[in-house]
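Here, each number is a calculation from the coordinates, and none is a lab measurement. Please read all numbers here as calculations on a predicted model, not as lab measurements. Neighbour counts run over all protein chains shown; Cβ positions are idealised from the backbone, glycine included.
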Amino acid sequence: MVPPPSPSLAPLLDDVPLLLRFLPENRRSITENYLGGPASRADGYAMPGGAVLESLCPVLLLNSEYDDLRASAEVFAGQLAVAGVDVRQVLVPGMLHAS
C-alpha cells in the first residue's frame, strides 16, 4: 500500500497531468497484473517492504521528484534504516516516475 503523499509532495503532484500519475485505482490493477492475482498474494519477494529487511546489502533508492510512488520509497527507506541496512535515498529533481 502506498502511503499518502507528504505535505511537501502533494502540491507537486497536483501539477502532473492525470495521464502521468499513479493514482490508487491504477496502482491496484498494475499490482494485480504484476503479481498475477490479488495484492493479498504479495510477499517479500514481490514487494520488498513486506520482507525481512535485516542483513540486506546496502540499498540505493532513486526517487523522482514528481512521483505518486515516492511516498512509498520514502517509507521503505525508513524501514531499511530501522532494520540497520545501509540505505541512501536520492531525490532526482524535475523527474517523473521512470523518466
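Here is how the numbers come out for the structure above:
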quantity: Cβ-based exposure ranking for Asp15, Asp67, Asp86, in which fewest neighbours within 10 Å come first; calculated: Asp15, Asp86, Asp67
quantity: Built amide H within the under 5 Å cut-off of Val59, gap 5+; calculated: Asp86, Val87, Arg88
quantity: Rounded to whole Hz, the Karplus (6.51, -1.76, 1.60) HN-Hα couplings of segment 82-94, x for glycine and proline; calculated: 4, 7, x, 7, 6, 10, 10, 10, 10, 9, 9, x, x
quantity: Phi to ³J(HN,Hα) by Karplus 6.51 cos²θ - 1.76 cosθ + 1.60 over segment 17-34, Hz, x for Gly, Pro; calculated: x, 3, 4, 9, 9, 10, 6, x, 5, 6, 4, 4, 5, 5, 5, 5, 5, 4
quantity: Amide H partners (placed H, <5 Å) of Glu65, local residues excluded; calculated: Val92, Gly94, Met95
quantity: Kirkwood Rh and Cα Rg combined as Rg over Rh, evaluated for the chain; calculated: 0.97
quantity: Calculated [θ] (222 nm, deg cm²/dmol) that DSSP helices of n ≥ 4 give over the chain, each run adding -39,500 (n - 2.57); calculated: -9000 deg cm²/dmol
quantity: From phi via Karplus (6.51, -1.76, 1.60), per-residue ³J(HN,Hα) for segment 40-50 in Hz, x at Gly/Pro; calculated: 5, 7, 5, 10, x, 6, 7, 10, x, x, x
